[in-house]
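The block underneath contains the structure these notes are about, expressed in C-alpha cells.
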Amino acid sequence: MYNYKLQKELHNEYQLLNRARSRHQDFEKLIDSIQERITELETSYQKLKTGDPDFAVHAEMERVLYRHNASLGCNQGSAVKKAK
C-alpha cells in the first residue's frame, strides 16, 4: 500500500519538476528576445539622435518597431500562459 502511494507521489513530483523546467525555458527565451529587441531599439534610437535624414535609418527603425510590437505580445502572452 505504501509502495503505491510513494510511487504515485514520486510520479507527481517528477511531473511538477518537468512543468517547472518547461516554464523556465520559456521565460529564458522570452528574456533573450526582449534583450535582443532592446539592443535593436537602442541602436535605432542612437542612429536617429544623430539627426541623419538617411531614409535607410528610418526604414530600419520602422522594421525594428514593427518586429518589436509584433513579437512582444506573442512572446509575453505565450510565456505568461505557460507560467500559470
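Please treat every number below as a calculation from the coordinates, not as lab data. Computed from a predicted model, the values in this text were never measured in an experiment.
When the Karplus curve 6.51 cos²θ - 1.76 cosθ + 1.60 is applied with θ = phi - 60°, which whole-Hz ³J(HN,Hα) does each residue of the range 18-30 get, with x for Gly and Pro?
For the range 18-30, the Karplus curve yields 5, 5, 5, 5, 5, 5, 4, 5, 4, 6, 4, 5, 5 Hz.
When 1/r is averaged over all different Cα pairs and the result inverted, which Kirkwood radius in Å belongs to the range 14-58?
For the range 14-58, inverting the mean 1/r across all distinct Cα pairs yields 13.0 Å.
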